[in-house]
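Here is the structure we will look at, set down as structure tokens.
The values are calculated or read from the model by the stated rules, or taken from the named source; none is laboratory data. Quantities reported herein were computed from a predicted structural model and do not represent experimental measurements. Neighbour counts run over all protein chains shown; Cβ positions are idealised from the backbone, glycine included. In case anyone asks, the SASA skips ligands and DNA or RNA and just uses the protein heavy atoms, side chains included. Shrake-Rupley method; radii C 1.70, N 1.55, O 1.52, S 1.80 Å.
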Amino acid sequence: MKKSKIVILGGGYGGLITSRTLEKLLKQDEAEVTLINKHDYHYIATQLHKTGAGTATDERNTLNIPSLLSKGKIDFKRGTVTDLNINQQVVMLESGETVDYDYLLITLGFDVDTFGIPGIEEFAFKIRSFRSTKAIQNHIIKQFSSYQEDKDPSRLTFAVAGGGFTGVEMIGELFEAMPNLCRVYNIPVEKTRIINIEASNTLLPGFAEEAIAFASKYIKKNRVEVLTSSKILEYTGDIIKLDNGKEIEAKTLVWSGGVRGNKILETLGVPIQKGRVRVDRELKVHGFTNIFCLGDASLFLKEDNTPLPPTAQVAIQQAQLCGKNLVSVIRGEKLHAFEYHHKGTVASIGNRAAVGKVGDIKVTGSFAALLKQVIEARYLLVLGGPRLLLKQLFKSKKTQPKVSLSNLK
Ligand code: FAD
Ligand code: NAD
């Protein structure tokens, strides 16, 4: 009998956990599975802010994909997806190569939403991928180096747009990175400015009052200027223009104003809603029996018609179910409906503090920071078992400032 061909697009949380689930469930010769990803490494997206600030090593935040997959069970193909022919069931890659499928899983992740604000796309830095955050790290180092020559204070002004999860996590890493950078470049830390700019009237909108109070106090104690009720209207690369008429001179603006589904989804010919692919309860794309989608690329509506948030927690749970459903579909068995179990949310503020809620328990401070590390460790356990966890834990944690010019934006 002809083996079914399963093709998975994207090697993020969704793609990798689905692959691992398929490895466990598929019988020998039951299907041919190919995982396609832009690079041969998987980046830990929940740690990208650390790559951006240079507070974690590249080895910690990236994992070689082929070494995570069992040999002979899943084929890995490095390639950038550019198009899809749904009628002929073929995926097109940038290289000109084509890959045909019987069953397809789209898990191509997120893109940063810049809402068409002038100058953001061109001049602001984005927390979107390993490469985009590496560019932030290199840019920061270059600013320190150039400051020694021209003493332009806007080089040492680091602004972060958005006081949501990503913005606050980025701010926390930035203030922890400054002392080391100042020491290496022999610049007093008082010369540096970190500014967080948030459109709404609070940091961490949607968080409990205690969490917001803790985060605001802790961030300000670490010399961060917090501007709430301040909407960015434009960035020129040198000046940030706010809706209250204020202008801030800064050669660095990290944009963390929100996310949407990967823009490539719009060109694939599958139904899109709010920038994401609308899926049914079994994670199938609406109107298709052989195309699945999950994670940040997908729009899954809960019973109350509100969408699940774009989080790794959701992507991992969906991937575990989707692996099972892909096996069921090729065996002609009944598919399972996805049920989300929210375990909690913790936002880090640097390495030493965090805020959030786990189950019904509200957590702040160093205990929350420890919990955050446990959550990250759990992902490695799910992905590669104790061996992967130990391997990653023994890799060196901190990176020294070192600019790689080839990676600059
Ligand atoms: P992704 O992880 O984005 O993976 C998509 C993959 O597709 C990538 O490997 C990418 O290289 C690949 N790809 C993209 N385009 C193409 C293409 N055209 N061709 C081939 N390959 C392609 N969530 C939490 O639950 N907890 C957290 O603590 C948390 N912290 C976060 C911190 C930060 C700084 C950020 C930015 C996000 C955080 N999130 C967190 C959200 C979480 O990272 C995402 O929800 C998660 O990454 C989604 O997983 P995914 O597999 O859908 O997509
Ligand atoms: P977000 O949408 O949660 O926050 C964006 C923030 O930017 C908002 O507070 C918004 O008011 C602000 N903003 C938007 N436009 C602005 C402007 N012009 N000027 C100033 N401020 C502006 O986006 P995010 O923080 O990137 O998070 C995206 C998703 O990733 C969320 O679903 C979140 O759950 C997930 N995430 C989770 C964690 C975690 O669990 N620790 C960490 C990071 C991201």
Take every Cα-Cα pair in the stretch 197-261 and report what % of them are more than 16 Å apart. 54
If packing is taken as the average number of other Cβ atoms within 10 Å across a peptide's residues, how do 167-174, 80-87 rank, most packed first? 167-174, 80-87
What size of dipole, in debye to the nearest 20, comes out for the chain about its Cα centre when the only charges are +1 on Lys and Arg C-beta atoms and -1 on Asp and Glu C-beta atoms? 1220
Could you pull out every one of the aspartates and glutamates with an alpha carbon less than 19 Å from that of Lys302, ignoring same-chain neighbours closer than 8 positions? Asp280, Glu282, Glu339
Starting from the Kirkwood Rh over alpha-carbon pairs, what translational D in µm² s⁻¹ does the stretch 280-327 have by Stokes-Einstein at 25 °C and 0.890 mPa s? 224
Exceeding the 27 Å Cα-Cα cut-off - candidates Lys71/Lys343; Lys191/Lys220; Lys191/Lys357; Lys251/Lys357; Lys221/Lys362; Lys241/Lys372: Lys71/Lys343; Lys191/Lys357; Lys251/Lys357; Lys241/Lys372
Loop sites in the stretch 75-120: chymotrypsin sites (Phe, Trp or Tyr not before Pro), DSSP, at most 15 other Cβ within 10 Å: Phe115
Given the candidates Ser146, Asn180, Phe214, the one whose Cα lies deepest towards the positive end of the charge dipole of the stretch 120-255, counting +1 at each Lys or Arg C-beta and -1 at each Asp or Glu C-beta, is Asn180
Defining a contact as two alpha carbons under 8 Å apart and six or more residues distant in sequence, what relative contact order in percent does the chain show? 20
Largest-first principal axis extents of the Cα set of the stretch 120-255 (Å): 43, 30, 28
The summed charge of the Asp29 Cβ neighbourhood (under 13 Å; Lys/Arg +1, Asp/Glu -1) stands at +3
With an 8 Å Cα cut-off and a minimum separation of 6 or more residues, compute the relative contact order for the stretch 231-275 in percent. 23
Give the peptides 310-318, 143-151 in descending order of average Cβ contacts within 10 Å, highest first. 310-318, 143-151
What figure, in Å² to the nearest 10, do you get for the accessible area of Thr98 with a 1.4 Å probe and non-protein molecules left out? 80
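What percent do you get for the relative contact order of the stretch 120-255 when only Cα pairs under 8 Å and 6+ apart count?
Relative CO of the stretch 120-255 lands at 32 percent.
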Arrange the peptides 29-37, 231-239 so that the one whose residues have, on average, the most other Cβ atoms within 10 Å appears first. 29-37, 231-239
For the chain, what size does the Cα cloud have along each of its three principal axes, sorted from largest down, in whole Å? 71, 46, 42
In deg cm²/dmol and to the nearest 500, what is the mean residue ellipticity at 222 nm of the chain if only DSSP H runs of at least 4 residues count, each as -39500 (n - 2.57), divided by the residue total? -10500 deg cm²/dmol
For Lys217, counting only aspartates and glutamates whose alpha-carbon sits under 20 Å away and dropping same-chain residues fewer than eight positions off, the answer is Glu169, Glu173, Glu176, Glu190, Glu198, Glu209, Glu225
What angle do you read, to the nearest 10 degrees and between 0 and 90, between the alpha-carbon axis of helix 312-331 and the longest principal axis of the chain? 10
Could you compute how much accessible surface His341 exposes when probed at 1.4 Å, giving the result in Å² to the nearest 10? 110
Options Leu84, Leu294, Val358, ranked by Cα towards positive dipole end of the chain, top entry (Cβ charges): Val358
